[in-house]
Amino acid sequence: SRMNVGQILETHLGWAAGILGFYAHTPVFQGADEAEVGLVLRIADLAWAGPMLALKARPPRPDAEVIRQLVADLKRLPSENGHGADLQSRKLDELSSRALSQSTRDLFHALRDYLEAAAKEWAGRLREGAELQQEYHHTQLEVAGDELSKTEKAGLKAGLKDAEKQVELNAEALLKSAGLPGLAGMLGPKGEANVEAAAVELLRLAGLTPAGKCRLRDGRSGEWFTSDITVGSIYMMKLSHLVDDKIHARSIGPYSLVTQQPLAGKAQFGGQRFGEMEVWALEAYGASHVLQEMLTVKSDDVNGRSRVYEAIVKGQNLPEPGIPESFNVLVKELQALGLKVTLGATEEGEE
């Protein structure tokens, strides 16, 4: 099986629709582009990341009408390259534009407030972790101080010193020291906050990427896959193709008027197609007589198949195959091009 870009985007859109609770109708070649899908996907990912990280802050969950208005607003925004060719080409910060509708701007403010609350909560967790580290190192030095070597004591003292420094930092500095400058910026002046960067950092903490992928393990070996994997809800159409409706057999039946070959399909009581690859299989086995039958008396050798049918009825040996009708059609086509083609015979009488 193969996948194309449209199926990947449908998977992303299905994931977002399932989380935010809206229905997506995207006509082929006229639906949401990569930029629109990417932005809606990030909003859904933020709603998913909150519970995954056990955050107390409640993420915004826009309804279908807000999403519809958001997509309409995105189509009005100018594009740098004239085409939304990337899932990350639209940024969350663009939703604050005064040119957009009030519902879209309200959604942006809700996202910003959520990320600010998430940043405060995450900074609190970092502080709790630093306090635990401080307590652990302090306890180890007090309880097992005499039993420790100089190297172990030095390591514990260095760890205690680092933990004390972490505890003394404010929330913004704590996040920066943890490699989360985007979330740290959410605790500074609102005009300087980078909502997109903060959202990407929160998604990565939850195990997602801005492109809607995540790291998965091999279910058998338990090892990580080499690349990130797209995760989402696929759109599947169940087609009613049941085996009982497919089983079909034919011995004799109708033939095409021009080519004199058996008709195709169960509805026409047609024959099974013996295609190019099946011919290769018989050639590989060296089954020359079986192949000759397939190309002549079982197909479009009109006189030959009549004689074979007669021989079967009378219980006689099968006669030699004749000339397929497709050969006569080929001769007629060559004659139409002005090429004279004649069929000769050898001294033994073979054509």
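The values are calculated or read from the model by the stated rules, or taken from the named source; none is laboratory data. Since this is a predicted model, take the numbers as computed values, not measurements. Counting neighbours? That spans all protein chains shown, and the Cβs are built from the backbone with ideal geometry, glycine included.
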Can you list the helices (runs of 4 or more DSSP H) lying wholly within the stretch 258-351 that have 2 or more residues being among the acidic types (Asp, Glu) and over 28 Å from Lys246 (Cβ atoms)? 325-336
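For the subset of the stretch 213-232 comprising residues that are outside any loop (DSSP other than H, G, I, E, B) and touching a Ser or Thr at 6+ places or on another chain (Cβ under 7 Å), which member is farthest from Gln88 (Cα to Cα)? Give the steps one after another, and end with the answer.
Keep residues of the stretch 213-232 that are outside any loop (DSSP other than H, G, I, E, B), which gives 213-214, 217, 224, 229-230.
This time we only want the ones that are touching a Ser or Thr at 6+ places or on another chain (Cβ under 7 Å), so: 213, 230.
Details: Lys213: 13, Thr230: 15 Å.
Top of the filtered list is Thr230.
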Do the conditions hold for Leu183, that is, is it on the phi < 0 side of the Ramachandran plot, at pLDDT 85 or above, out of contact with any Cys (no Cβ under 7 Å at 6 or more places or on another chain) and not in a helix (DSSP H, G or I)? no
Residue list for the stretch 11-35, restricted to those being under 18 Å from Leu107 (Cβ atoms) and modelled with pLDDT under 85: Ala24, Ala32, Ala35
Being of a type outside the set (Lys, Arg) and at pLDDT below 80 is the filter here; which residues of the stretch 152-180 pass it? Glu152
Picked from the stretch 208-249 (must be among the small types (Gly, Ala, Ser) and under 26 Å from Gly270 (Cα atoms)), the residue surrounded by the most Cβ atoms within 10 Å (Cβ to Cβ) is Ala249
Cβ-Cβ below 7 Å, separation at least six or inter-chain, first residue in the stretch 301-318 and without any contact (Cβ under 8 Å) to a residue 60 or more places away in the chain, second surrounded by 13 or more Cβ atoms within 10 Å (Cβ to Cβ) and assigned to a helix (DSSP H, G or I): which pairs? Val302/Glu325; Asn317/Ala311; Leu318/Val308; Leu318/Ala311
Can you give me the number of residues within the stretch 40-60 that are assigned to a loop (DSSP other than H, G, I, E, B) and crowded, with 16+ Cβ neighbours inside 10 Å? 5
